[in-house]
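The values are calculated or read from the model by the stated rules, or taken from the named source; none is laboratory data. Note that the structure is predicted; figures quoted are calculated from it, not measured. Cβ placement follows ideal geometry from the backbone for every residue including glycine, while neighbour counts extend to all protein chains displayed.
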Amino acid sequence: MPHSRVPALQPPSSPNPNPNALPFAAPAPYHRPVSRTSSREPKATSTPAPVSVLEPPDDFLGDLDSEDEDWSVRMGHRRPEDGHSQQPLLHKDDEERGRTGYDDANSPGTATEGPVFSRRSTMRSRSPDTQGKLATRKKYTYAVFFLGLSLVSFVVQTETAVYIQHELGWNKAYCMLYLTHGSWSLLWPFQLLILRLQKWQMPWPTFWRRHVYLVRSTAQMVETQSLSIPRSQPSPIPYMLRQTALVTCALTVAGGSWYVAVNLTSPSDLTAIYNCSAFFAYAFSVPLLHEKLRLDKSFAVAVAIIGVLIVAYGDAAPTKHGGKSGGSVGGGVHNKEASNRVAGNLIIGVGSVLYGFYEVLYKKLACPPEGTSPGRGMIFANTFGSLIGTFTLLVLWIPLPILHLTGLETFELPKGEAAWLLCISVLSNAVFSGSFLVLISLTSPVLSSVAALLTIFLVAIVDWAWTGIPLSPAAVLGGLLIIVAFLLLSWSTYREMREEGRKKAVDLSESENDD
């Protein structure tokens, strides 16, 4: 049977043919295949999606300011280069739905290239408990470094301040307070210099842009107390200015009470009452920071205060001790009797309460939320310390001429030996204060306050090594109690931080399983 001839299809002659008359079905619209390693695209919403600012791990003083862009945004813009970009999406009921990468060694792209490790797969490869331990260990490593730095700098500040006030006779209370707090303005420039030396090969415009982005994004995290910043989040500058003024005023009143009370009460009373700020820091942490009232923490704080009382009242000679806002007490050859002991104790009592309140207020209003990397928290703590110093220099100079005109304190800058020793004392306080702010940001106000009590024992040890006068039994016993209290509180805080890190890792793992 002869085959019938099939006529060849001819293109339509009309320039605007009728689609219904075409003998072909309309082709299906093309959709770009999505890689198995990419996450699902979010549904379009009317409100802008928040930008996650969870940063990648950073090396100590190495890549602290390298997180200049949104981490998740950067990861989202990276295209897979492992040969998987043409793989279709997994079926809805596939048991491996949501998993990343290929387990089969013969999968496409593995012959010439290694596996792709995404941020999610790295997190999923660790148990929540392990992840929590690693995060807590890293944070405590930073905290230990800044604790040691703060203790050394505080001892230097105390010894120089005692010599300036008691041996050289320069005793200008508010002027020393103004210079001490004003020196905090050097924290950010000094920190920027260190970061620049770490990144000296990077062009300055790129380095500056990254650093500004990191500080700005951290300030937005502080304002919202969230690791995810909405794209519509306004500038954090007004918020930071308000909080800087509030925290600085609380700090200035608390620090000024030391200088007022030092001439009214005894050195022993001043040391004992002033260092009760650790108790008030814990008392304010419960309602303001929603910290749980724990028996082990309460016991540790009580032991620390008992140790301070033994050191303050156990010796016949006044205890040498420095104030956190500069100045010193004790150590003089001739110690005057208290002119108005009751009034002095009341004033330093108010100052102790305010200093505990200042520490908790700083933690609540000027510290990034839990989950922030230690490097980012360190950079922002020193930046906020510089804001406190700048506010002091620009605003709190006003009482100086008033005190001078009224004759309450004649303005007079030190000269000669007193001048350069005052520079050492002031700069040492700046180092101590910057380290102390970092310590509060990384741990808690309670632990930081108890850690500061260690300086009482350290100053006694330095005097023993410098003068050869052995430590008294009261100094040894009180110092040991403070050390025991600090160790107990450190262990309790470490367990809390590890548990919090484990919970956050569990929440993150569960949220990934829901994707």
Restricting the search to the range 168-188, which residues are among the small types (G, A, S) and part of a helix (DSSP H, G or I)?
A173, G182, S183, S185
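Across the range 198-244, what is the total count of residues that are touching a Phe, Trp or Tyr at 6+ places or on another chain (Cβ under 6 Å) and β-branched (V, I, T)? Spell out the reasoning first.
Here is the first cut: in the range 198-244, the residues touching a Phe, Trp or Tyr at 6+ places or on another chain (Cβ under 6 Å) are 199, 218, 223, 244.
Filter again for β-branched (V, I, T), leaving 218, 244.
Result for the range 198-244: 2.
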Against the definition (modelled with pLDDT of 95 or more, within 15 Å of C175 (Cα to Cα) and either surrounded by fewer than 22 Cβ atoms within 10 Å (Cβ to Cβ) or out of contact with any strand residue (DSSP E or B) (no Cβ under 9 Å at 6 or more places or on another chain) (or both)), how does G389 come out, yes or no?
yes
Of the residues that sit in the range 348-366 and are of a type outside the set (G, A, S) and crowded, with 23+ Cβ neighbours inside 10 Å, which one is nearest to W258 (Cα to Cα)?
I348
Enumeration of residues in the range 410-435 that are small (G, A, S) and within 14 Å of T180 (Cα to Cα)
A419, S425, S428, A430, S433, G434
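Restricting attention to the range 284-320, which residues are among the acidic types (D, E) and either under 30 Å from E370 (Cβ atoms) or at pLDDT 95 or above (or both)? Spell out how you get there, then give the answer.
Of all residues in the range 284-320, those among the acidic types (D, E) come to 291, 296, 315.
Residues satisfying the conditions are E291, D296.
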Kindly indicate whether any position in the range 457-469 is within 27 Å of Y140 (Cα to Cα), in contact with a strand residue (DSSP E or B) (Cβ under 8 Å, 6 or more places away or on another chain), of a type outside the set (D, E) and at pLDDT below 90.
yes
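Could you check how many residues of the range 451-483 are assigned to a helix (DSSP H, G or I) and closer than 22 Å to K324 by Cα?
Within the range 451-483, the first condition is being assigned to a helix (DSSP H, G or I), and the residues that meet it are 451-452, 454-467, 473-483.
Next, only the ones that are closer than 22 Å to K324 by Cα stay: 451-452, 454-463, 475, 478-483.
Summing the residues that are assigned to a helix (DSSP H, G or I) and closer than 22 Å to K324 by Cα in the range 451-483 gives 19.
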How about the range 173-217: which of its residues are basic (K, R) and within 28 Å of L251 (Cα to Cα)?
R216
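When the residues of the range 149-174 are narrowed to those that are within 14 Å of S428 (Cβ to Cβ) and among the small types (G, A, S), which ends up nearest to the chain's Cα centre (by Cα)? Don't jump to the end; show me each part of the working.
Our first condition is that a residue be within 14 Å of S428 (Cβ to Cβ); within the range 149-174, this holds for 149-164.
Imposing the further condition that a residue be among the small types (G, A, S) reduces the set to 150, 153, 161.
Details: S150: 15, S153: 19, A161: 28 Å.
Among those residues, the one meeting the criterion is S150.
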Go through S328, S352 for me and flag whichever is modelled with pLDDT of 90 or more and either within 20 Å of L458 (Cβ to Cβ) or not β-branched (V, I, T) (or both).
S352
So, in the range 191-207, how many residues would count as being surrounded by 15 or more Cβ atoms within 10 Å (Cβ to Cβ) and part of a helix (DSSP H, G or I)?
6
